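Peer 1: Handing you this structure, nothing more for now.
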Amino acid sequence: MIKAILIFNNHGKPRMSKFYEHYTEDTEQQIIRETFHLVSKRDENVCNFLEGGLLIGGSENKLIYRHYATLYFVFCVDSSESELGILDLIQVFVETLDKCFENVCELDLIFHLDKVHNILAEMVMGGMVLETNMSEIITQVEAQGKMEKSETFVFQCPRQDR
Amino acid sequence: MPAVSKGDGMRGLAVFISDIRNCKSKEAEIKRINKELANIRSKFKGDKALDGYSKKKYVCKLLFIFLLGHDIDFGHMEAVNLLSSNKYTEKQIGYLFISVLVNSNSELIRLINNAIKNDLSSRNPTFMCLALHCIANVGSREMAEAFAGEIPRILVAGDTMDSVKQSAALCLLRLYKTSPDLVLMGEWTSRVVHLLNDQHMGVVTAAISLITCLSQKNPDEFKTCVSLAVSRLSRIVSSASTDLQDYTYYFVPAPWLSCKLLRLLQCYPPPEDGAVKGRLVECLETILNKAQEPPKSKKVQHSNAKNAILFEAISLIIHYDSEPNLLVRACNQLGQFLQHRETNLRYLALESMCTLASSEFSHEAVKTHIETVINALKTERDVSVRQRAADLLYAMCDRSNAKQIVAEMLSYLETADYSIREEMVLKVAILAEKYAVDYSWYVDTILNLIRIAGDYVSEEVWYRVIQIVINRDDVQGYAAKTVFEALQAPACHENMVKVGGYILGEFGNLIAGDPRSSPLVQFNLLHSKFHLCSVPTRALLLSAYIKFINLFPETKSTIQEVLRSDSQIRNSDVELQQRAVEYLKLSSIASTDVLATVLEEMPPFPERESSILAKLKKKKGPGAVSVNELEEGKREGGELNGGGERGGDNSAIATSNASTPSPSADLLGLRAGPPVTAAAPSAGSLLVDVFSEAGVNDDGFLRDLEPPTESSDSLLAEGPGDSDSAPPSVVSEDPAPPLPESNELLNKFVCKNNGVLFENQLLQIGIKSEYRQNLGRMYLFYGNKTSVQFVTFSTTVTCPGELQSQLNVQSKPVEPLIEGGAQVQQVINIECLTDFSDAPLLNIKFRYGGALQNLTLKLPVTINKFFQPTEMASHDFFQRWKQLSLPQQEAQKIFKANHAMDTEVLKAKLLGLGMALLENVDPNPENFVCAGVIQTKAQQVGSLLRLEPKRASSDVPINRAQQ
């Protein structure tokens, strides 16, 4: 099962974190830092798998990650998952984000954190993979977008600041 | 058009995020966040009812703040309120907040549950999915209680939308994981399994995770999934890449689902149904074939997906471990990957090969890749990959390549990453011990280990080398010489000094003949390191010095001077000071004899499982070192592990006595034996106690040969037996039941007559015995280990049950008072009337400081003590052997030796058993044959024994015939 999905940038700033097991908020932050520390010191072109940090369960768990431009996408999984399969899943996730945001960049993730969560929720649920088919995922996300629009349109929410 | 429109977000949120991003310092950021938190708090608390949009905006801000690592301790109630909104956007953000921020203990769960209940019954698929997501994310027990009954219904209902089914399957899985007792599959089982046949691949993808988990827990109930999984897999594998439309990923049909199907199959043994199995083998072959086809795309995603399936297929093949043809192909495929330019593939190939190495069929095939793997260890840039290479070398190591692998690992250690050094050290130590054929190599290896990576050598490792050197006298001289040389290095690791101090203190005399390592040179060398060492090491060295005084009287004055110096005798460390004072006193007062007794060479260590393995296991976490490996280590390493016993206690020789209906393992099977007239006993010499002479411990050689003992209850019920024995004094309580370990204590004496029968903090009981014909005499020595008198000391020997009529035991009374530190002796006379299987009980009672001590032991009287060895020629032996052809006259047992077999040890054991070992009788010199006559008053029973060790398999079939 997938224990956690973390996205952080090259400086270790978390851009999204989703834990499928309960940790205290403090531990979650420490796990993000530890994972960043483990992943960021690795060269490019080395392999995409490494043993998990101590906080998240040590060698019982693997970190499977990909580095895209300014962002690291890290999945922490247990031994029941296929390493290459998860690597593909990361790719599907990123490609989906790219389609949904049109040339996704770090800023999109920052300003639309809720949407990133929603997209991820269409793929992974409770640490297990829900759907791998990109067009299916996008269809769902588009349907949500439409619903959102219709609601804003119908109810004409006032545009108020803070 | 993008699915997510960027323009119509919440402006307030965007502004807030921009503010944060523009903060120049951490302090500024915190200040900005606190300001925002105060704002949101006041908005939530304010009188004005917030509209949905505002709530949504504030909750989003809180999410963002939370992501930055700040605690959020409010807003939950607002989020829960959003759940009951009719608007999708508000409901969604409410659920998002809860799944990110609410933990399973939250008190809000009841409120949340209500909202979920409403959404589940709304029949709006979007709302249902949101609710199911929330359950899966929180997964608390309260939620399981509320929904475990409902969700399976949603999952299998005919009218449920596919997307809801997917969510329901994973939601159920989550609940099953948190509260398995609440999720009762019973009636749903077969319908859930049939989801594998669902039209919609997404449903299958989600359902298969659920089915895999349930199968692991209840394999029998879900057995039917095997054939369904095979047919689904077969359809995917054989489909053209376009058939599955959107589930084709970079030209690979449904890679994720294929992987999951292959994983599911790994929960089960190979299918029994021939057709299913044939279909599966076909699938696996197709997958292996596809690996050789040219890629349909140059994209890395294509090869990743393809190889993900391939690796799972290989895992399944390894799991089945039954198709040699597939195993070989799998091994070759992995071999190709070992050299692949993709680092990921090399990593995975090394990892898979580790499991392949433990397969009987492919161990040899894996070994052929040794050079590649060694090369990987040396040249890989990535430490993850190097670590896998080290794991694989460890897994593929056996007797044939141990030297090479250990040498490579040692040389890698010099440059190894710090993170894996300790583990490497443990691995080297284990391999060196497990596959040591000659012990000088073992000693060299461990000393090198200390030299190269001394800091990472844990105590377990250097304790172990000392245990082994102590237990193996053939390596002691070499060890002394080697540590002496190692200590010459100007800078040597403290662990080396510890090993050196210990070994020279014990065996320095073995190299003292050489003037280059004369006693004084040895001492000066050790002492030159003294001042650089920590307190525990210094303490160890002081002990080594006093041992030197005993070994080499000529060093006495020098060492006394050292001990006498202020830095020792007035050392601020109490331990060091005490040692210096005591050793100094001991060396000046005690006579040479006393000194020699006190400072005698250490006795061999009892056999124990290598603590290093346990340590490695602990380090790697459960599963890293399999139980098999531990057992294997014990078996193969027997030669070394059992060093103290010289591999002697290698067998559980269980014999079934064919002549009695009970399957009891009567030692010599002589219950039904008619009196013997032939095979005249040779001159009745006392049994040779080979073991006490050879000075080695032994226990349990014939562990299972031991006559079965009745339960202690029945023994007690019989009460005191043979009244000929003189009960020495009044017994104030019933005799205690025999000690739980008394059987074990008894086993120690099957092949020997002298030794320590029992020892605790108060009392030591030594035993000496001799037997002639059917008579025996036993001397028991009761030693008081305390400084306080034992009063009203009394002993009783009883023969429980039918033993009364089989054995006649008389014990002389013993003094009722044992002074502190004193020893008293008791003589027991034994007469064997007829064959027997129980042991007499010895009950001891005394008062120590007012408290009554009461313990019961078994006296080591076994039937084989009454053996008379019989010599006979080869011709006679086999003639008699053939005559004993009736089934009840013969018993045969094949068993696995626990340790490597050493001819001399086996011989000694057999002699200890009491029979004559007949040389040049069996045409096969590997076999052992023995003959003897059991002498009882009523009858004499001739027995023949043949032991056929099979070295390759370590099986020892034992044949025994009797008359």
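The values are calculated or read from the model by the stated rules, or taken from the named source; none is laboratory data. Note that the coordinates shown come from a computational prediction; the quantities given were computed from them, not determined experimentally. Cβ coordinates were reconstructed from backbone atoms using ideal geometry, including for glycine residues, and neighbour counts include every protein chain displayed.
Peer 1: Return yes when B:GLU414 is among the acidic types (Asp, Glu), more than 14 Å from chain A (Cβ to nearest Cβ), buried (at least 19 other Cβ atoms within 10 Å of the Cβ) and more than 21 Å from the chain's Cα centre (by Cα) and no when it is not.
Peer 2: no
Peer 1: Scanning for something within 24 Å of B:PRO125 (Cα to Cα), in contact with a Gly (Cβ under 8 Å, 6 or more places away or on another chain), within 10 Å of chain A (Cβ to nearest Cβ) and surrounded by fewer than 22 Cβ atoms within 10 Å (Cβ to Cβ), does the range B:161-173 turn up at least one residue?
Peer 2: Yes, some residue in the range B:161-173 is within 24 Å of B:PRO125 (Cα to Cα), in contact with a Gly (Cβ under 8 Å, 6 or more places away or on another chain), within 10 Å of chain A (Cβ to nearest Cβ) and surrounded by fewer than 22 Cβ atoms within 10 Å (Cβ to Cβ).
Peer 1: May I pose another question? Considering each of B:LEU599, B:LEU630, B:LEU541, B:LEU576 in turn, give the residue that is within 28 Å of B:ALA897 (Cβ to Cβ), more than 14 Å from every other protein chain (Cβ to nearest Cβ) and either at pLDDT below 65 or within 38 Å of the chain's Cα centre (by Cα) (or both).
Peer 2: Residue meeting the stated conditions: B:LEU630.
Peer 1: Looking at (1) at pLDDT 90 or above; (2) within 7 Å of chain B (Cβ to nearest Cβ); (3) closer than 25 Å to B:LEU67 by Cα, which is the one condition that is false for A:GLU131?
Peer 2: The single condition A:GLU131 does not satisfy is (3).
Every residue, every condition in (1) within 14 Å of another protein chain (Cβ to nearest Cβ); (2) surrounded by fewer than 23 Cβ atoms within 10 Å (Cβ to Cβ), yes or no:
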residue	(1), (2)
B:ARG235	no, yes
B:SER239	no, yes
B:PHE251	yes, yes
B:ALA254	yes, no
B:ARG263	yes, yes
B:GLN266	yes, yes
B:PRO270	no, yes
B:GLY274	no, yes
B:LYS277	no, yes
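Condition check ((1) assigned to a helix (DSSP H, G or I); (2) facing another protein chain (nearest Cβ under 9 Å); (3) small (Gly, Ala, Ser)) across all residues:
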{"position": "B:HIS70", "(1), (2), (3)": "no, yes, no"}
{"position": "B:LEU82", "(1), (2), (3)": "yes, no, no"}
{"position": "B:LEU96", "(1), (2), (3)": "yes, yes, no"}
{"position": "B:VAL100", "(1), (2), (3)": "yes, yes, no"}
{"position": "B:LEU111", "(1), (2), (3)": "yes, no, no"}
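Peer 1: With the structure loaded, tell me whether B:LYS403 is among the charged types (D, E, K, R), at pLDDT 90 or above and in a helix (DSSP H, G or I) or whether it fails that test.
Peer 2: When the stated conditions are applied, B:LYS403 passes them.
Peer 1: Considering only the range B:325-378, state which residues are surrounded by fewer than 20 Cβ atoms within 10 Å (Cβ to Cβ), hydroxyl-bearing (Ser, Thr, Tyr), without any contact (Cβ under 8 Å) to a residue 60 or more places away in the chain and within 20 Å of B:ASP398 (Cα to Cα).
Peer 2: Once the filter is applied, which keeps residues that are surrounded by fewer than 20 Cβ atoms within 10 Å (Cβ to Cβ), hydroxyl-bearing (Ser, Thr, Tyr), without any contact (Cβ under 8 Å) to a residue 60 or more places away in the chain and within 20 Å of B:ASP398 (Cα to Cα), the range B:325-378 yields B:THR355, B:THR368, B:THR372.
Peer 1: I need the full set of residues from the range B:308-349 which are touching a Pro at 6+ places or on another chain (Cβ under 9 Å) and within 11 Å of chain A (Cβ to nearest Cβ), in order please.
Peer 2: Matches in the range B:308-349: B:ALA308, B:ILE309.
Peer 1: With (1) over 47 Å from the mean Cα position of the chain (by Cα); (2) within 8 Å of chain A (Cβ to nearest Cβ); (3) in a loop (DSSP other than H, G, I, E, B); (4) not hydrophobic (A, V, I, L, M, F, W, C) as the list, and B:ARG123 as the residue in question, which single condition is left unmet?
Peer 2: (2)
Peer 1: Residues of the range B:808-858 being of a type in the set (Phe, Trp, Tyr) and buried (at least 22 other Cβ atoms within 10 Å of the Cβ), which ones?
Peer 2: Those that are of a type in the set (Phe, Trp, Tyr) and buried (at least 22 other Cβ atoms within 10 Å of the Cβ): B:PHE836, B:PHE846.
Peer 1: Next question, about the same structure. Out of (1) over 19 Å from B:ALA169 (Cβ atoms); (2) more than 9 Å from chain B (Cβ to nearest Cβ); (3) not aromatic (Phe, Trp, Tyr), the odd one out for A:ILE137 is which?
Peer 2: Looking at each condition in turn, A:ILE137 falls short on (1).
Peer 1: Looking at A:LEU97, is it in a helix (DSSP H, G or I), within 17 Å of A:ALA121 (Cβ to Cβ), within 11 Å of another protein chain (Cβ to nearest Cβ) and in contact with an Asp or Glu (Cβ under 8 Å, 6 or more places away or on another chain)?
Peer 2: Judged against the criteria, A:LEU97 is a match.
Peer 1: Which one of the conditions (1) small (Gly, Ala, Ser); (2) surrounded by fewer than 21 Cβ atoms within 10 Å (Cβ to Cβ); (3) under 31 Å from the mean Cα position of the chain (by Cα) does B:GLY513 fail to meet, given that it meets all the rest?
Peer 2: In the conditions (1) small (Gly, Ala, Ser); (2) surrounded by fewer than 21 Cβ atoms within 10 Å (Cβ to Cβ); (3) under 31 Å from the mean Cα position of the chain (by Cα), B:GLY513 misses (3) alone.
Peer 1: List the number of the failed condition for B:GLN404; all other conditions in (1) more than 24 Å from the chain's Cα centre (by Cα); (2) over 25 Å from B:ALA365 (Cβ atoms); (3) not aliphatic (A, V, I, L, M) hold.
Peer 2: Result: B:GLN404 fails condition (2) only.
Peer 1: For the range A:58-77, name all the residues that are more than 25 Å from A:ASN103 (Cβ to Cβ) and either touching a Cys at 6+ places or on another chain (Cβ under 8 Å) or away from chain B (no Cβ under 11 Å) (or both).
Peer 2: A:ASN61, A:LYS62, A:LEU63, A:CYS76, A:VAL77
Peer 1: Within the range A:28-85, count every residue that is part of a helix (DSSP H, G or I) and closer than 18 Å to B:TRP256 by Cβ.
Peer 2: Residues flagged as part of a helix (DSSP H, G or I) and closer than 18 Å to B:TRP256 by Cβ within the range A:28-85 amount to 3.
Peer 1: Checking B:GLU506 against (1) in contact with a Gly (Cβ under 8 Å, 6 or more places away or on another chain); (2) of a type in the set (Asp, Glu); (3) within 13 Å of B:TYR545 (Cα to Cα), only one condition comes out false. Which one?
Peer 2: Looking at each condition in turn, B:GLU506 falls short on (1).
Peer 1: Go through B:LEU13, B:LEU50, B:LEU63 for me and flag whichever is modelled with pLDDT under 85, within 11 Å of another protein chain (Cβ to nearest Cβ) and either within 18 Å of B:PHE97 (Cα to Cα) or exposed (fewer than 13 other Cβ atoms within 10 Å of the Cβ) (or both).
Peer 2: B:LEU50
Peer 1: Of the conditions (1) within 37 Å of the chain's Cα centre (by Cα); (2) modelled with pLDDT of 90 or more, B:GLU323 fails just one. Which one is it?
Peer 2: (2)
Peer 1: Among the residues of the range B:193-243, write down those that are under 42 Å from the mean Cα position of the chain (by Cα) and among the β-branched types (Val, Ile, Thr).
Peer 2: Once the filter is applied, which keeps residues that are under 42 Å from the mean Cα position of the chain (by Cα) and among the β-branched types (Val, Ile, Thr), the range B:193-243 yields B:VAL193, B:VAL203, B:VAL204, B:THR205, B:ILE208, B:ILE211, B:THR212, B:THR224, B:VAL226, B:VAL230, B:ILE236, B:VAL237.
Peer 1: Pairs, please: C-beta under 8 Å, at least 6 apart or cross-chain, first residue crowded, with 20+ Cβ neighbours inside 10 Å and in the range A:15-38, second of a type in the set (Asp, Glu)?
Peer 2: That search, which allows pairs on different chains as well, returns A:ARG15/A:GLU106; A:SER17/A:GLU28; A:PHE19/A:GLU28.
Peer 1: Which of (1) of a type outside the set (Ser, Thr, Tyr); (2) free of Cβ contacts under 8 Å to residues at least 40 places away in the same chain; (3) assigned by the TED database to the domain that holds B:MET778 is the odd one out, the single condition B:ASP876 does not satisfy?
Peer 2: (3)
Peer 1: Hey, among the residues in the range A:1-55 that are closer than 24 Å to A:ALA121 by Cα and of a type in the set (Lys, Arg), which one's farthest from the chain's Cα centre (by Cα)?
Peer 2: Among them, the one singled out is A:ARG33.
Peer 1: In addition: Which of the residues that make up the range B:887-932 are closer than 19 Å to B:HIS875 by Cβ and β-branched (Val, Ile, Thr)?
Peer 2: Of everything in the range B:887-932, those that are closer than 19 Å to B:HIS875 by Cβ and β-branched (Val, Ile, Thr) turn out to be B:VAL921, B:VAL929.
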